[in-house]
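Data first, discussion second: the structure below is written as structure tokens.
The values are calculated or read from the model by the stated rules, or taken from the named source; none is laboratory data. Computed from a prediction, not measured in an experiment: that's the story for all the values here. Every residue, glycine among them, receives a Cβ derived from its backbone with ideal geometry; neighbour counts consider all protein chains shown. Heads up: the accessible areas ignore ligands, DNA and RNA and are worked out on the full protein's heavy atoms, side chains in. Shrake-Rupley method; radii C 1.70, N 1.55, O 1.52, S 1.80 Å.
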Amino acid sequence: MCARNSIYTNPKPCKHLADYKLRHGFNTYDSIRNCLKTTPNGRTRVAKHTTKIPRCSFCDRYQGRLYFCLMCSSLWCPTHIVLHTQSKKGHEVAIDMDRSELYCCLCCDQVYDPDFDKVVVYNQVKDLPEGSKSKTNGFEACGERSRKRKRLDSGIGLDLKKSKLLVSMRDRRAKSCYPLGLRGLNNLGSTCFMNSVLQALLHAPPLRNYFLDDRHNSVQCRKRSGEKLCLLCDIDAISSAMFSGDRTPYTPAHFLYSWWQHSSNLASYEEQDAHEFFISVLDGIHEKESKIRNSGKDDGDCQCIAHRAFSGLLRSDVTCISCGFTSTTYDPCVDISLNMDTSNLSSSNASKPIKPDEKTSVSTLSGCLNLFTRAERLGSDQKLHCQNCQELRDSSKQLSIRRLPLVLCLHIKRVEHSLVRKISRKINQYMQFPFSLDMTPYLSSSIVRSKLGNRIFTFEYDNSNSSAAYEIFAVIAHSGMLESGHYVTYLRLKNQWYKCDDAWISEVDEGIVRASQCYMLFYVQKLLYNKANKDSSFVRISPRRDPFESTAGCS
């Protein structure tokens with residue numbers, strides 16, 4: 001109990017928030033009480049305007065995250081709230097309108113205040129429908145607020161019946177449990193990039209089975225290496241907590257610290273790129289297992305769980321335009337980065353979001369894969385030395401996939417760089433992607449055969465040992481601006497989609513997933529997907545549960 005209490009003490013108050021409360025007390029909290037609205041899935045947001053769309057006071061922006069200044073009640077986007085704070089003394093504290101969370105503009109972070117939390121919790125319980133009060137007898141614990149916010153059982157003023165009622169409202173499937181392994185991850189300050197990737201990794205069938213089968217034993221690892229920090233041990237701890245049966249959000253603070261030690265160049269409280277984080281984590285897993293195995297093999301033959309799950313092989317054919325001589329090389333990869341096909345859109349339209357039902361040309365995943373495997377002529381400044389001509393020649397290059405991985409990660413490039421204007425911008429164009437994917441057209445065997453016919457031996461190029469049929473199981477989406485966006489993960493479990501938004505887990509329709517601005521797509525071989533769905537009801541709960549969390553029951 002002492003350990004648990006030490007873990008869940010309140011965060012230290014922000015100095016700027018303390019100064020604000022000293023000057024103004026709770027008057028502002030009371031005045032915004034009527035502006036708090038609770039959505040059907042339990043999230044409370046600030047609804048300042050009932051008729052018009054809220055917009056930034058400076059740039060008139062209305063999409064993405066907006067902040068409500070506590071001092072002057074003005075609205076600002078993430079970029080201009082900082083400018084507002086710098087120009088107006090005493091306007092340091094604002095409210096995130098979408099999440100109803102306090103934000104310090106000088107600390108550039110969410111801040112916790114139990115007094116403000118009481119206002120939000122009171123509003124949530126007040127908005128509960130009277131007819132639902134009889135449906136709450138089966139719940140045993142009160143949920144937590146999202147994003148670094150631990151609600152205190154004392155001082156809130158809620159009785160047990162209202163606490164149970166709050167949980168009933170938050171669980172949109174009150175009569176049944178979510179699948180085992182669905183658990184929110186608390187945001188530790190702009191760590192949505194980390195939470196989104198962890199959700200996808202821990203639900204990839206090969207990695208899920210690896211950690212739940214105790215293939216990496218943390219106790220033995222520490223005895224063997226003597227290291228206090230181990231990225232694999234921390235992932236193992238998160239996996240145990242995720243599949244422990246507990247539904248309260250988990251805080252991956254120890255993992256974040258370990259990752260910072262491994263990737264010191266990315267260690268900061270600023271928002272990071274989810275794709276860079278994904279590559280960094282796989283690299284950390286590979287590095288740790290290589291030390292354990294004392295393996296000197298390259299990535300192509302590596303037997304670490306990261307490469308066994310995600311490693312594939314790309315083939316690159318460079319053909320001389322003059323004589324037709326082709327030079328072939330092979331490169332291992334753990335993901336495939338795809339350019340979005342924006343050729344059918346003007347420069348102005350490419351940066352604007354396109355609704356899926358609009359009759360405007362949008363990118364498709366098949367189009368992006370075709371673009372990736374299409375032969376392209378290299379520029380005159382990229383002439384290569386032809387082994388047959390023995391001189392520099394113009395050439396063409398074509399990529400294809402020699403070997404497919406068990407888990408296919410497709411990274412959609414949504415950043416466009418302008419060399420002339422020396423700026424970068426996000427491509428907000430929507431992309432259509434299938435839930436079932438056939439990768440056969442993009443294999444080296446298919447592409448080489450289409451060029452040379454059947455004059456080659458089949459066994460030289462066929463992927464007879466792997467399947468080209470894939471099923472999607474996770475989508476990481478990015479919303480907002482390039483410099484101030486937000487990541488969420490959509491997980492597909494037993495053909496039902498769930499949205500993982502930091503600490504919040506909610507059931508969503510597939511239309512929501514298809515309309516998202518996908519940034520990373522995770523597919524797994526169809527045989528593994530079907531087996532994972534079949535076995536998901538019998539997943540072994542790890543005996544190494546989180547010692548500070550109690551298991552929540554479902555009725």
Considering region 469-527, residues that are assigned to a loop (DSSP other than H, G, I, E, B) and farther than 21 Å from residue 272 by Cβ, and then whichever is least open to solvent (accessible area, probe 1.4 Å), we arrive at 515
Condition set at pLDDT 85 or above and either in contact with a Gly (Cβ under 7 Å, 6 or more places away or on another chain) or surrounded by fewer than 14 Cβ atoms within 10 Å (Cβ to Cβ) (or both), scope region 49-71, selection farthest from residue 18 (Cα to Cα): answer is 59
Checking the structure you have, find out if any residue of region 315-336 is modelled with pLDDT under 85 and on the phi > 0 side of the Ramachandran plot.
yes
Checked against (1) under 20 Å from residue 410 (Cβ atoms); (2) in contact with a helix residue (DSSP H, G or I) (Cβ under 6 Å, 6 or more places away or on another chain); (3) at pLDDT below 80; (4) not aromatic (Phe, Trp, Tyr), residue 466 satisfies every condition except (2)
For residue 231, the lone unmet condition from (1) open to solvent by 20 Å² or more (accessible area, probe 1.4 Å); (2) of a type in the set (A, V, I, L, M); (3) at pLDDT 80 or above is (1)
Output yes when any residue across region 419-439 is open to solvent by less than 80 Å² (accessible area, probe 1.4 Å), at pLDDT 85 or above and farther than 30 Å from residue 184 by Cα, and no when none is. yes
The lone condition residue 94 fails out of (1) open to solvent by 30 Å² or more (accessible area, probe 1.4 Å); (2) aliphatic (A, V, I, L, M); (3) closer than 20 Å to residue 24 by Cα is (1)
Among (1) modelled with pLDDT of 80 or more; (2) outside any helix (DSSP H, G or I); (3) more than 30 Å from residue 485 (Cα to Cα), residue 174 falls short only on (1)
Q | Some residue of region 115-124 being of a type outside the set (Val, Ile, Thr), touching a strand residue (DSSP E or B) at 6+ places or on another chain (Cβ under 6 Å), open to solvent by less than 20 Å² (accessible area, probe 1.4 Å) and modelled with pLDDT of 80 or more | A | yes
message = Would you confirm, using the coordinates I've provided, whether residue 389 is open to solvent by less than 50 Å² (accessible area, probe 1.4 Å), touching a Phe, Trp or Tyr at 6+ places or on another chain (Cβ under 9 Å) and over 30 Å from residue 309 (Cα atoms)?
response = yes
Restricting region 281-307 to residues that are assigned to a helix (DSSP H, G or I) and touching a His at 6+ places or on another chain (Cβ under 7 Å), the one modelled with the lowest pLDDT turns out to be 299
Of 200, 241, 237, the only residue that is buried (at least 19 other Cβ atoms within 10 Å of the Cβ), over 25 Å from residue 264 (Cβ atoms) and at pLDDT 90 or above is 241
key: Residue check, residue 185 closer than 25 Å to residue 96 by Cβ and either out of contact with any Ser or Thr (no Cβ under 6 Å at 6 or more places or on another chain) or modelled with pLDDT under 90 (or both)   = yes
Output for Cβ contacts, cut-off 9 Å, separation at least six or different chains, first residue surrounded by fewer than 14 Cβ atoms within 10 Å (Cβ to Cβ) in region 19-31, second assigned to a helix (DSSP H, G or I) and not hydrophobic (A, V, I, L, M, F, W, C), reads 26/115
